[in-house]
């Protein structure tokens, strides 16, 4: 599903949320807007009983609108983004999930040609293996975002598709909880994508990506296959780039592997380059950071959520699930990002110093950012509000 606003890890949207003040929508204009949307949904042929239940007690969802204005894939430094998405806990949990669902993954891999570790990694990145599917009630969140001016036709269309899914008997209305933008289920399909590509892999007569792991993972595999995924082809690999390199850079600027070899590109782990294939060179942190030759399979992951950082996170997590090592080239920063456990620890240390009064849950919102700034000022550091290794080390040393 091509998402206009990238959505991976719905719960982690909290990281950048609430930094912008959102003025409440006046009651009368919101009611008028919702009335118009409701009429359009009925005109689209959705049954009246479903529409009535969906719009019952609807109120403006300020939180959904606030979240709609944050995009972690673009706002976070790549080393921060990767640190909490591909951490030790997610790797360990993913390996357990691969064992628990071994037969399902094997069957899906056979049916669609998508590697089981890629599907598991996508599942882990999208919803932490089903733990964080999102808590926005879509029939209320989508009208709120639309009425606040965020592409009203698009989000109204997604609402219509979501209610058609209910009308088809695939999911219950009360189960339609997901991201602010409408993505829901284990693999966070948008409603329109669900309607096109969801599959009933467990053969129970319903396409249910909310309650059925087989349906969710097979639906994701179906999406990737239709997006150009090629069975047996690696997403890519880390490479060494000559210091004086001045050739093409970019996922879409692909060349034959022989051309990359002639440009002095080599694999970072010392193994031989593939003999065939077309690859593009990406350098997500610039010339000083890790570099990768990437295949059309990374493009397929990009089409799931239009951010290279997202596609790279799934790709790297899949490698780690297969037992491969972390990137050999470090990110170009002297203040690395934190894992989810480290973020939680940072909040606990801030609480101990009386600077933070929220829950120590590892989610980085504006309250945590303000507490970090205060701690940085006390330590004589530049106040950034960023959860990094430096401030964690300073606070831990004072315990």
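Take every Cα pair under 8 Å in the chain that's 6+ residues apart, average their separations, divide by the length, and report that relative contact order as a whole percent.
Value for the chain: 19 percent.
Compute the distance in nm between two label points, each set 7 Å from the Cα along the Cα-to-Cβ direction, one at residue 243 and one at residue 131.
In this crude spin-label approximation the distance works out to 4.4 nm.
Quick check on the chain: helices-only [θ] at 222 nm, where DSSP H runs of length 4 and up contribute -39,500 (n - 2.57) each and the sum goes over total residues. Nearest 500, please.
Result for the chain, helices only: -14000 deg cm²/dmol.
Would you please give the FRET efficiency between residue 110 and residue 153, computed as 1/(1 + (r/R0)^6) with r the Cβ-Cβ distance and R0 = 45 Å, to the nearest 0.05?
Efficiency computed from Cβ-Cβ geometry: 0.65.
Taking R0 as 35 Å, what FRET efficiency do you get between residue 53 and residue 203 from their Cβ-Cβ distance, rounded to the nearest 0.05?
E between residue 53 and residue 203, to the nearest 0.05, is 0.75.
Looking only at Cα atoms, what is the convex hull volume of segment 236-294 per residue, in Å³?
73
Find how much the distance from residue 352 to residue 325 grows on full extension, using 0.36 nm per residue of separation minus their present alpha carbon separation; answer in nm with one decimal.
6.2 nm
Expressed in nm to one decimal, what extension gain is obtained for the pair residue 382 and residue 172 from 0.36 nm per residue of sequence separation less their Cα-Cα distance?
Roughly 70.6 nm would be gained on extension.
Based on the mean of other beta carbon atoms within 10 Å per residue, what is the order of 179-190, 375-386, most packed first?
In descending order of packing, they fall as 179-190, 375-386.
Give me the three principal axis extents of segment 102-227 from the C-alpha atoms, as integers in angstrom, largest value leading.
For segment 102-227, the Cα spread along each principal axis is 44, 28, 26 Å.
If you average 1/r across every pair of different Cα atoms in segment 340-397 and take the reciprocal, what Kirkwood value do you get, in Å?
Evaluated over segment 340-397, this radius sits at 10.8 Å.
Given an 8 Å cut-off on Cα distances and at least 6 residues of separation, report the relative contact order of segment 10-226 as a percent.
Here the relative contact order equals 23 percent.
I'd like the distance separating the alpha-carbon centroids of segment 238-271 and segment 93-133, in whole Å.
What the calculation gives is 31 Å, centre to centre.
May I have the pair-distance distribution P(r) for the chain, computed from all Cα-Cα distances with 10 Å bins from 0 and rounded to whole percent?
5, 21, 28, 25, 16, 5, 0
Given 10 °C and 1.306 mPa s, compute D for segment 10-226 with the Stokes-Einstein relation, Rh being the Kirkwood radius over Cα pairs; round to the nearest whole µm²/s.
In µm²/s, the coefficient rounds to 87.
Calculate the FRET efficiency for residue 100 and residue 75 from the Cβ-Cβ distance with a Förster distance of 25 Å, rounded to the nearest 0.05.
0.15
So if each residue of separation counts as 0.36 nm, and I subtract the Cα-Cα distance between residue 261 and residue 283, what length gain in nm does that give?
Length gained between residue 261 and residue 283: 6.2 nm.
Express the relative contact order of segment 340-397 as a whole percentage, based on alpha carbon pairs under 8 Å and six or more residues apart in sequence.
Here the relative contact order equals 32 percent.
None of the figures in this text is laboratory data; all of them are computed from the coordinates on show. All values derive from a computational prediction rather than experimental measurement. Note: ideal-geometry Cβ built from the backbone for every residue, glycine included; neighbour counts use all protein chains shown.
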